[in-house]
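Q: Got a structure here, written out as structure tokens. Questions coming.
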Amino acid sequence: MLDKEFLDMLACPVDRSAVTLDGDRFVCLQCGRRYPIRDGIPVLLAEEAEADAHPAASAPPARAPDRKPG
């Protein structure tokens, strides 16, 4: 089990946001990337991350097209 103080120091290596423990993965609260834990060691490497399963949920809202006066 990982120490709470240690867990509080962890951050996503891509956007530096907080991560939370979700089963056997750490999940970035901002971008949704999922990082594995192998042999009890968090692997917080961008190239090891799994993409967010729901990218639309974390994507910015679509912008309405500009309208020309007329």
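Every read-out reported here was derived from the displayed coordinates using simple, explicitly stated rules and does not represent laboratory data. Everything quoted here is computed from the prediction, not taken from an experiment.
Q: Using 0.36 nm times the number of residues separating Met9 and Leu45, minus their current alpha carbon distance, what extension gain do you get?
A: So the extension gain works out to 11.4 nm.
Q: Residue separation times 0.36 nm, minus the C-alpha to C-alpha distance between Arg38 and Leu21: what's the value?
A: 4.8 nm
Q: ³J(HN,Hα) across region 26-42 via Karplus (A = 6.51, B = -1.76, C = 1.60, θ = phi - 60°), whole Hz, x for Gly/Pro?
A: Once rounded to whole Hz, the list reads 9, 10, 6, 6, 8, 9, x, 4, 10, 10, x, 10, 10, 6, x, 10, x.
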